[in-house]
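Before any comments, here is the structure.
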Amino acid sequence: MAEHVISDSSIKNEKEENVEENESKTTVKEHMLQYMTVEVLDPEKRNGGAALNVRGQDTFIVYQVYSRVTDPSKPGYYDHPTTVWRRYNEFDLLRNYLEVSYPYIVIPPLPEKRVSHTWQKLSTDRFESEFIERRRISLEKFLMRCASHAVLCKDEIFRAFFVEEYGFKDLVDATAYQRKADSKFSALSASYGLKSPNPDIEAIKTYINDLESTLYQILKVRAKIADNFCEHEKLYRSFGQLFDDWGNIENETGIALQTAGRHFDIHANVLDKHVSEEEAFAEQLKEYYSFGDCLRGVCKKAEILQYNVEKTEEMLSNKKLHKENIQQGKNGLMSDMKTKLLGRDSVEQKEQRLLTISEQIVDIEGTLQQQKEELENFLELAKADIDRFKRQKGKDIKDIILNYAIMQRNLSRKQEQIWRKVEETFDKL
């Protein structure tokens, strides 16, 4: 549960930051967490194939999404809290919709559907209670981050996620959001086909790679530390049993030795709890590791828009060159062959060709202007949201490391207290 506390603290900081920024403006942009509570509760295993007597088929986990208005000035304050049951794929559907609808926003990540790698010896069985609890916390964090975003929280589909239990997928499909999604081929073409990559986008991509590499190594080292704690926990349990056995064969020091053994058992329990807290710390860092792909998605959209501009510029350049060749009587190889067979174009035909290509140039110039404006607007919005993300990341990382330091200090204090009690036990002999 330590992670849950840190998560709430991070979101609280984001809320406070939004309030501070918005109070300086003439219009205050509210977000949902200022007047609502949002929670993901009570995971429950269900079996959709039970009616067909198909053993183990379509077994899934559902999560209760709970929301309640806490501001008396807001509609719904006097209503009962709202609860809906959601599967993981509905969270995934919501995120896909938001990513396509708001490509300039760094949409928060979801926990992996299938764990591809772990940094610690944790269960990857999606029906195991520990795995389900980690996922529940991550799903709640996803909703809270979206709810605290000034733009995302106002989206009608996002709001429907909290109230429309049975018709949510139909609502999302009705938006036809998939038609707006860029194909993987477009993203790949843009990534490798750009002639003049945007330096700001390139800097973000470099930062993403560096951040992922650094966090990955940190998580690997932290996993080794956690492994050591697990090993020490086992050793202290053995230590406690051995001291208890030793006490059974001694007369004068028997009670003291057994008391020390109980303190070593307590020490083992402290380490066991600490390992759980270590995993909560790791989950915080894993979220920011996952944010790498979220940032990368914004960069890909910017590259696609720029690629479209460059292709249109190339098309315009070719059309202008074609027009110039017509004006100069340079017709090219195919046109020369046509001239030899059919003769030269009349003055009227040449003027018609020039008029046609001039109209095409005007159309392309209009398209190019629209594409440039779209790219400029996208980059402006993306920069603003990436700056917001960086501010929130700075606050989150500060909270994460501070909580980790406090956690280690608490462990050291508890260990010192245990050894003092052992010392006092033998001082009394």
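The values are calculated or read from the model by the stated rules, or taken from the named source; none is laboratory data. Remember, it's a predicted structure, so these values are computed and weren't measured experimentally. Glycine also receives a Cβ, built like all others from the backbone with ideal geometry; neighbour counts cover every protein chain displayed.
Quick look at the numbers
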item	result
Near pairs, Cβ below 8 angstrom, 6+ apart or cross-chain, from the range 67-84 (in contact (Cβ under 8 Å) with a residue 40 or more places away in the chain and at positive phi) to any residue that is hydrophobic (A, V, I, L, M, F, W, C) and not in a strand (DSSP E or B)	none
Qualifying residues in the range 337-361 (those that are closer than 28 Å to residue 312 by Cβ and of a type in the set (D, E, K, R)) - the one modelled with the highest pLDDT	359
Residue 106 vs. criteria at pLDDT 95 or above and farther than 20 Å from residue 38 by Cα	yes
Leading residue by the ranking (surrounded by the fewest Cβ atoms within 10 Å (Cβ to Cβ)) among those in the range 203-220 that are over 19 Å from residue 300 (Cβ atoms) and in contact (Cβ under 8 Å) with a residue 12 or more places away in the chain	220
Qualifying residue in the range 173-193 (condition: in contact with a Leu (Cβ under 8 Å, 6 or more places away or on another chain), touching a residue at least 12 places away in the same chain (Cβ under 8 Å) and surrounded by fewer than 16 Cβ atoms within 10 Å (Cβ to Cβ))	no
